[in-house]
Amino acid sequence: MYMHFNMVLPGLEEVRVLKAKEVGEAYHLHIDLPKRRHKCPSCGNWTGKVHDYRLQKIQHLKLFERTSYLFYRKRRYSCQCGKRFAEDNKIVQRYQRHTIEWNQALGLRVIQGKNFKDTAHQFRTSQATVIRRFDHISASRLKEVEKLPPVIAIDEYKGDTNAGKYQLIIANAETKEPLDILPNRTVTTIKKYLREKGSEVKVVVMDMSHAFKSAVQKVLGSPIIVADRFHFSRYIHWALERVRRRVQNDFHPYDRKKCKRMKHIFHKSYSQINDRQRWYLERYLGLSEELRTAYALKEAYSLWFEEVKEIGTSAPNKVKEGLYNFYRQVESSSLKEFHQAIQTFKNWQTEILNSFAFNYNNGFVEGLNNQTKVIKRNAFGFRRYDRFRLRVLLHHQFKAKGINVG
């Protein structure tokens, strides 16, 4: 006697449920398909003659949070030509022990899941099966980049794979989507990749890496290189920090320790600190003229930085004039730490000015790198570079799609 349901189970729309029961923590469904005529794969004639039945156990998606198994009563038909063949079905593919619906759900979850082990636990299968499924579907689902867009951003991150300690991520600086991941950050690798796919690149956003700059210039000729704002601004804060460390050694032991603990207030804008922090700031600036000068230079740089962010694209000459004024303020001081910092600024001056003229930065790439590190940490690391690359790129490609299966 067939069971009648008032709902359609995913992947089982065409089947007849003969029996359903709970067995321990599992849910068993005994099913078959309606009998119908089939075309012989050998001679092409139609036949409805049943040769025999075989019972096949197949794992399906969870039902009511229970592992479900289908016991499929599969027919085999026989043709007058002597050929015997199994009936067509949309439940399970040949030689498989999982339903088509189960494999599709696993394929989606393995891309967005926390890690392979967690996905295996959700689908009540082995970790090896999940990894094998990922390797099977990942390459075909990834949209590989044929040509890089006109504006790209590049940055490195620590991957620790068999291809190297560091990998290089390339992203679209306008749409902010990751495009590709290179196995290492060497000049040779970057040059080879840009020769193949970088013919349309006009603007490159990067940190202040001489290796990156050299590779880009040698392959692309004279592209517009934009230095990331965070990377050149930190040279000013590093200079202030070196001054603080040097001068606090002459403080009383109590003030030296307290100044170290309150070091964060030196890097904040004077208008953004509270009364308590302002009291400590004035105290330690009063103990050292050099520290007071260093803080004043940092504040002068911050003032220039905030102003030119607003006018950079419309008044590039004012940006350059303000930077030269800052140079003169530093040169009039005797702080060698800041002299070294502005020397770096002078070496990268064109790229620094480009960051305000074109209004690009690498902030979003740092966000992509943070997500990459989370994926790596959740998986306790990836040994294989190719698998890590596919895992990261597919995560970003599919992250906008909601998945509620498995």
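Data for the structure
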read-out: Filtered residue count, the range 312-324, keeping only those that are part of a helix (DSSP H, G or I) and either touching a residue at least 40 places away in the same chain (Cβ under 8 Å) or among the aromatic types (Phe, Trp, Tyr) (or both); value: 2
read-out: Residue in the range 251-258 that is in contact with a helix residue (DSSP H, G or I) (Cβ under 8 Å, 6 or more places away or on another chain) and either closer than 24 Å to Gln329 by Cα or surrounded by 19 or more Cβ atoms within 10 Å (Cβ to Cβ) (or both) present; value: no
read-out: Residue within the range 61-73 that is surrounded by 15 or more Cβ atoms within 10 Å (Cβ to Cβ), touching a residue at least 60 places away in the same chain (Cβ under 8 Å) and within 40 Å of the chain's Cα centre (by Cα) present; value: yes
read-out: Any hit, the range 294-310, residues being surrounded by 13 or more Cβ atoms within 10 Å (Cβ to Cβ) and of a type in the set (Asp, Glu); value: yes
read-out: Qualifying position, being touching a Gly at 6+ places or on another chain (Cβ under 9 Å), of a type outside the set (S, T, N, Q) and modelled with pLDDT of 90 or more, among Tyr385, Tyr360; value: Tyr385
read-out: Filter result (in a helix (DSSP H, G or I), in contact with a Phe, Trp or Tyr (Cβ under 9 Å, 6 or more places away or on another chain) and within 27 Å of Lys158 (Cα to Cα)) within the range 325-364; value: Ala341, Thr344, Phe345, Glu351, Ile352, Ser355, Gly363
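The values are calculated or read from the model by the stated rules, or taken from the named source; none is laboratory data. Just so it is clear, the model here is predicted, and its values are computed rather than measured. Every residue, glycine as well, gets a Cβ built from its backbone with ideal geometry; the counts of neighbours run over all protein chains shown.
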